[in-house]
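Worksheet: one structure, shown below.
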Amino acid sequence: MGYWDTPGRSDEWYTTPQVFAALGCRFDLDVAPARYGTPDLARVWCIEQEELRRQAHELQVALGKSSAADFTPRAIPDALPGSDHTPADRKLLGDGLALPWHGFVWMNPPFGGRNGIEPWLTRFFDHGNGVALAPDRTSAPWFWSAWQKADAVLFTRKIRFLRPDGSEGVSPSNGTALFSSGVRGAEALKSAAKSGFGILAAPVV
């Protein structure tokens with residue numbers, strides 16, 4: 001659910017179905033599920049975003065940088081597609097870092113700030129069974145640490161992640177890395193690599 005090009009603005013960016021199609025597996029648990037992944041919640045998100053836009057405009061009016069007449073409300077559709085495509089039997093609701101994990105997990109965490117992904121990756125490798133999505137920031141210390149713990153890593157092309165309303169975001173500045181921990185995760189990454197979804201690599205032991 002994270003996105004690394006706009007830290008602090010939003011963590012509501014969801015994995016595209018193409019990623020899961022390439023992996024070709026089903027997960028027991030999504031440890032950081034989409035908060036607005038259903039059609040009803042996607043509409044709630046749209047309403048919240050429109051309210052934030054209105055408030056930002058009112059501030060510009062108060063500062064004398066705009067006028068009230070310049071604001072045009074955006075129509076919010078009655079029906080929206082669901083944007084959570086994660087093939088998981090269960091979704092962990094609440095604090096994913098504090099709650100217990102079980103089985104084969106999928107993790108696309110909220111990245112937060114500069115090193116917001118680090119505690120999630122630590123928990124992921126401590127669990128030892130799943131696939132985790134991260135930006136391929138190969139120069140970052142957290143990436144080096146994750147690389148050394150991973151059974152395999154799949155480097156993909158740039159992925160346009162989804163907003164809660166189902167629309168695609170812009171192309172990010174980085175590609176994506178999928179980390180595996182455990183046999184099932186490594187097999188899923190091998191399957192994705194064979195389909196041409198990315199380049200498979202592993203640390204030298």
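The values are calculated or read from the model by the stated rules, or taken from the named source; none is laboratory data. Note that the structure is a prediction, hence the values are computed from the model and not measured. Here the Cβ positions follow ideal geometry from the backbone for every residue, glycine too, while neighbour counts run over all protein chains shown.
Details
- Flag if residue 31 is modelled with pLDDT of 80 or more, in the same structural domain as residue 176 (by TED's automatic domain parsing) and among the β-branched types (Val, Ile, Thr): yes
- Filter pass, residue 184 being at pLDDT below 95 and among the basic types (Lys, Arg): no
- Tally of residues being among the hydroxyl-bearing types (Ser, Thr, Tyr) and surrounded by fewer than 14 Cβ atoms within 10 Å (Cβ to Cβ) across the range 105-158: 2
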